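Remarks on the structure that follows.
The values are calculated or read from the model by the stated rules, or taken from the named source; none is laboratory data. This structure is a prediction, so every number in the text was calculated from the model and none was measured. Positions of Cβ are generated from backbone atoms using ideal geometry, with glycine treated the same way; all protein chains shown enter the neighbour counts.
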Amino acid sequence: MTTIVDDLYDRYGADEVLPGAIDHPVVRHILQHRSVRAFRDAALPSHTLETLVAAAQSAATSSNLQAWSVVAVNDPARRVRFAEWCGQQSHIVRCPLFLVWLADLARLARIADGRGLPSAALDYTEMFVLGVIDAALAAQNAVLAAEALGLGTVYIGAVRNRPLEVAAELRLPPRVFPVFGLCVGWPDEAEATAVKPRLPQAAVLHHETYHDDADAVTRYNQAMAHFYAAQQMRVRGDWSEHSARRVAGPEALTGRDVLRAAIEQRGFPLL
Ligand SMILES: Cc1cc2nc3c(=O)[nH]c(=O)nc-3n(C[C@H](O)[C@H](O)[C@H](O)COP(=O)(O)O)c2cc1C
């Protein structure tokens with residue numbers, strides 16, 4: 001019988017002790033998250049999609065505006081195009097369910113129009129951010145629900161590599177923007193993934209005011225080195241090294257360095 005202590009061990013690595021964490025089945029479920037990129041060729045239970053969307057719609061949403069939508073993409077040829085745009089991520093083609101989560105201000109524009117009211121606030125950066133936050137919270141609820149059903153998921157931020165192509169493919173109206181994709185399916189146990197450690201809490205949790213804790217990052221580099229070794233992952237340098245490379249310059253953004261222009265083109269002036 002494992003306990004939450006075992007889950008915390010996996011989440012933070014062996015050397016981080018977190019005394020007194022409250023044991024609860026839902027918390028343990030959340031702690032056991034890992035992304036899944038290898039899926040079994042098996043159908044999902046009927047009504048999985050509707051169940052996940054109900055979970056997504058149960059997330060909190062700014063002012064109850066519900067400024068998000070989701071597109072379920074089944075067409076194989078369309079999936080192939082998505083995989084190409086997303087750096088050849090083959091799980092997009094192989095997973096039984098592929099969802100594209102959208103920041104959606106078009107519905108609010110239509111509603112305002114229908115009531116003969118202006119909707120000038122939709123042009124502000126705040127409303128774009130609100131739509132992105134709403135979409136992210138909804139999607140994460142769907143992820144947790146999927147994992148509760150024994151399914152695996154992986155987010156696909158790479159849909160933002162080619163957001164205009166994605167938008168055209170999905171026939172998105174203006175004021176709708178693809179935030180990320182999500183692959184859902186039965187995990188292939190032959191390629192089971194492990195829980196990936198996170199930064200020590202000292203790095204992310206501050207009390208009263210912000211305090212930088214460089215030592216916590218050093219400890220994390222060690223925890224990740226153990227993780228890479230255990231998973232037989234060949235990673236150049238430590239976590240700090242490859243995280244630094246990930247932010248070194250616009251070329252590291254795989255096309256997303258022009259995201260602002262794409263967002264504006266999609267009908268968000270970002271005032
Ligand atoms: C918004 C977002 C976008 C992501 N995009 C991708 C992606 O395009 N491809 C991929 O393989 N993983 C993607 N991931 C998964 C992350 O790489 C993963 O969550 C991270 O490495 C931590 O691993 P874990 O989820 O297994 O704990 C994404 C995650 C998030 C939250």
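Cβ separations smaller than 7 Å between residues 6+ apart or across chains give the following pairs from segment 86-99 residues that are more than 11 Å from the ligand (Cβ to nearest atom) to residues that are not hydrophobic (A, V, I, L, M, F, W, C): Val93/Arg79; Cys95/Gly185; Pro96/Gly185; Leu97/Thr48; Leu97/Gly185; Phe98/Arg79; Phe98/Gly181; Leu99/Gly181. Remark: pairs (first residue in segment 242-271, within 17 Å of Leu172 (Cα to Cα); second residue exposed (fewer than 12 other Cβ atoms within 10 Å of the Cβ) and among the acidic types (Asp, Glu); Cβ separation under 7 Å; 6+ apart in sequence or on different chains) are absent. Residue count for segment 34-49 under the criterion of being within 16 Å of the ligand (Cβ to nearest atom) and surrounded by 18 or more Cβ atoms within 10 Å (Cβ to Cβ): the result is 4.
Screening Leu31, Leu18, Leu52 for residues that are touching a helix residue (DSSP H, G or I) at 6+ places or on another chain (Cβ under 8 Å) and within 15 Å of the ligand (Cβ to nearest atom) leaves exactly one candidate, Leu31. Which ones in segment 55-79 are over 26 Å from Met127 (Cα atoms), touching a residue at least 12 places away in the same chain (Cβ under 8 Å) and more than 16 Å from the ligand (Cβ to nearest atom)? Selection gives Asn74, Pro76, Arg78. I'm trying to understand the selection: among the residues of segment 13-36, which are within 23 Å of the chain's Cα centre (by Cα) and modelled with pLDDT under 95? The one that is within 23 Å of the chain's Cα centre (by Cα) and modelled with pLDDT under 95: Gly13.
Among the listed residues Ala167, Ala158, which satisfies the condition of being more than 13 Å from the ligand (Cβ to nearest atom), in a helix (DSSP H, G or I) and not acidic (Asp, Glu)? Let's see the steps before the verdict.
Details: Ala158 fails: more than 13 Å from the ligand (Cβ to nearest atom).
Result of the check over Ala167, Ala158: Ala167.
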